[in-house]
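Structure, as structure tokens:
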């Protein structure tokens, strides 16, 4: 499950809770409590500070690439020069349709569509 999908779970659980409330107040309360708990954890995770090696593991970007993004101001540096730290919530995400080398679910059609949409079609 992607981080975006996980982030949508609290809202989905609250919707389920609303539907369950007329039939089972206890079940509705359980869904709402679970949604609250997950939101708290997601907020805490989003604020976590990572070094470049940790950020690279989370994003799939090379640590040097992340370092360049920090130097360009694309990602805020919450550490110090020579020892950067980035907030998990500020990390860039790779475009899911552009496959990495050796990735088992590579979709050439989706890759081509993404390139066309970005205006980078081969000539």
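Derivation of every value follows stated rules applied to the coordinates shown; laboratory data play no part. Because the structure is a prediction, the values reported are computed rather than measured. Cβ placement follows ideal geometry from the backbone for every residue including glycine, while neighbour counts extend to all protein chains displayed.
Let's see how each residue does on (1) within 17 Å of the chain's Cα centre (by Cα); (2) surrounded by 13 or more Cβ atoms within 10 Å (Cβ to Cβ):
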residue: 7; (1), (2): yes, yes
residue: 13; (1), (2): no, yes
residue: 20; (1), (2): no, yes
residue: 24; (1), (2): no, no
residue: 43; (1), (2): yes, no
residue: 57; (1), (2): yes, no
residue: 78; (1), (2): no, yes
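Within segment 77-90, identify whether any single residue is part of a helix (DSSP H, G or I) and touching a helix residue (DSSP H, G or I) at 6+ places or on another chain (Cβ under 7 Å), and answer yes or no. If you could, list the steps in order and put the result at the bottom.
As a first pass, look at segment 77-90 and keep what is part of a helix (DSSP H, G or I): 88-90.
In the following step, the residues that additionally are touching a helix residue (DSSP H, G or I) at 6+ places or on another chain (Cβ under 7 Å) were identified as 88-89.
Yes, segment 77-90 has at least one match.
Could you please give the count of residues in segment 59-68 that are outside any helix (DSSP H, G or I) and surrounded by 18 or more Cβ atoms within 10 Å (Cβ to Cβ)?
Residues in segment 59-68 being outside any helix (DSSP H, G or I) and surrounded by 18 or more Cβ atoms within 10 Å (Cβ to Cβ): 1 in total.
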